[in-house]
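The values are calculated or read from the model by the stated rules, or taken from the named source; none is laboratory data. Given the structure is predicted, the values throughout are model-derived calculations rather than measurements. Cβ sites come from the backbone with ideal geometry, for glycine too, and all protein chains shown count toward neighbours.
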Amino acid sequence: MKKLLLLICVAIISLPAGAATTSDDDLKQRVADLDELSLMAAESYKDLADDLAHRMTVSGYADAEYSTSTQDGYHPGFRLHHLSLFFKKQISDKWRFFSEIEYEDAPFMEWGFNPTAAPNACDHDCNGAVFVEAVNIDYLWRPELSLRAGRFFTPAGIWSIDHYPPFVPTQVLPMFIGQVFPRVFDGGLAYGIHKVGNTFLSYDVYAGNGENNPGSGDQNSTTAYGVKLNLALPVLKQFDIGTTYYSDGKLTPFEGMYDGDKKTAYGFHAKLRFNRFTVQSEYGKAKFEPLTAASYDNEGYYAQFLYDISNWLVGYRYDYYDPDTAVTTNSTVDNAVFVNYRATKDVVLKLEHHQVDEKDPALEDYAKDIASVVVNLGN
């Protein structure tokens, strides 16, 4: 590439200052040479652009926070909350690879032999978590229908998909996220978008292993499946409404929970933007049907209000979660107020206050404050 640019510069410099000293034939030949060099440069640039477009790229985000709380037993301190790395590769025009690996709470692990522990047990220190949140391959057939296989974030509502710290206003996520619908899903997904008049209908239909199943395979005999629909209406700056349905015939036991439970969940979501205001809300409810106990429901919802001006964003969120709707004294409410300042395109400073009200008389209400800095590590 450098040699080509050098040849172009030499050719330009070698052009005569005046036409009087050069014959018409010489001038035409020099113009033809420059045209050829220009074509070579265009082809070289195209090859370079294609090469860069199909290389593996690494990006992600990181954040650190300081928090205090009046909750009993809580100690103020710093937290290295997330380091998430995205690996992306546009394999071809139709094929794409994506993965996300999250290192939460800056995990420190030392492995050593301990005869009283399981083989390869982390017998010295194990802090934080390493989690493969996503690893999938997409076949981009057309806008109306594309296919994905692997692990992906469960298509449900808004926050489960648009959850990345550089783009959400709080470090604390709504309480029902991950409780009604699973956080991630191993399986296959079909998705696309259709235009109906001035309205856009997008969909996600998926099936696979279900909750609490590792990447090595399904641990039970049933298949989980779900569907998400979203309508983008041609009013305001943004007006999205949608619904999600999820069914898992037999939940895999996890940390002593679930005894062959069947789970059915549904939810609704909406997001409106007008002028500088954004209103976002989600509702979700799941029914659990254990084999050896009575069925029960869990339920949650939130309503979030944002106002942005220049590099500042202020907002309020009402957040509710009840792990068992049959019990009247176990729900939790979190009233959160927050302010964000975007110091640069890729750096966000956050300050948030949470007032948590516990209905359980055995638990005390408490307040929590978090100051954080979030860095976007590229697109």
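Observations, loosely collected:
- Of all residue pairs spaced 6 or more apart or on separate chains, those with beta-carbon atoms under 7 Å, a first member in the range 287-301 that is without any contact (Cβ under 8 Å) to a residue 12 or more places away in the chain and a second member that is among the acidic types (Asp, Glu) are 295/289.
- Scope the range 134-169; condition charged (D, E, K, R) and surrounded by fewer than 17 Cβ atoms within 10 Å (Cβ to Cβ); matching residues: 142, 144, 162
- Looking only at residues of the range 323-379 that are of a type in the set (Lys, Arg) and assigned to a strand (DSSP E or B), we find that the one that is farthest from residue 73 (Cα to Cα) is 342.
- Of everything listed in (1) of a type in the set (Lys, Arg); (2) surrounded by 14 or more Cβ atoms within 10 Å (Cβ to Cβ); (3) within 22 Å of residue 340 (Cα to Cα), the single unmet condition for residue 263 is (3).
- Considering 333, 356, 337, 373, the condition of being in contact with a His (Cβ under 7 Å, 6 or more places away or on another chain) and surrounded by 14 or more Cβ atoms within 10 Å (Cβ to Cβ) is satisfied by 337 alone.
- Filter result for the condition that a residue is more than 30 Å from residue 353 (Cβ to Cβ), in contact with an Asp or Glu (Cβ under 8 Å, 6 or more places away or on another chain) and modelled with pLDDT of 70 or more, over 86, 78: 86
- Failed item, numbered, when residue 172 is tested on (1) among the hydrophobic types (A, V, I, L, M, F, W, C); (2) over 28 Å from residue 356 (Cα atoms); (3) surrounded by fewer than 21 Cβ atoms within 10 Å (Cβ to Cβ): (2)
- Of 277, 239, 268, all but one fail to be modelled with pLDDT of 95 or more and exposed (fewer than 15 other Cβ atoms within 10 Å of the Cβ); the exception is 277.
- Candidate set from the range 31-61 (those that are at pLDDT 90 or above and of a type outside the set (S, T, N, Q)); member that is farthest from residue 364 (Cα to Cα): 58
Listed here are the residues, each with its yes/no results for (1) modelled with pLDDT under 95; (2) in a strand (DSSP E or B); (3) outside the structural domain of residue 171 (by TED's automatic domain parsing); (4) not β-branched (Val, Ile, Thr).
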{"site": "29", "(1), (2), (3), (4)": "yes, no, yes, yes"}
{"site": "63", "(1), (2), (3), (4)": "no, yes, no, yes"}
{"site": "106", "(1), (2), (3), (4)": "yes, yes, no, yes"}
{"site": "114", "(1), (2), (3), (4)": "yes, no, no, yes"}
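- Across the range 165-213, the qualifying residues are those that are in a strand (DSSP E or B) and among the hydroxyl-bearing types (Ser, Thr, Tyr), and the one among them that is farthest from residue 307 (Cα to Cα) is 206.
- Note on the range 67-96: among residues that are outside any strand (DSSP E or B) and among the hydroxyl-bearing types (Ser, Thr, Tyr), the one that is nearest to the chain's Cα centre (by Cα) is 92.
- Check on residue 256, of a type outside the set (Ser, Thr, Tyr) and free of Cβ contacts under 8 Å to residues at least 12 places away in the same chain: yes
- Selection count, the range 329-358, where residues are touching a residue at least 60 places away in the same chain (Cβ under 8 Å) and in contact with a Leu (Cβ under 8 Å, 6 or more places away or on another chain): 3
- Reported count of residues in the range 182-201, each being over 23 Å from residue 258 (Cα atoms) and free of Cβ contacts under 8 Å to residues at least 40 places away in the same chain, is 7.
- Answer from 326, 294 - the residue that is out of contact with any Phe, Trp or Tyr (no Cβ under 8 Å at 6 or more places or on another chain) and farther than 16 Å from residue 173 by Cβ: 294
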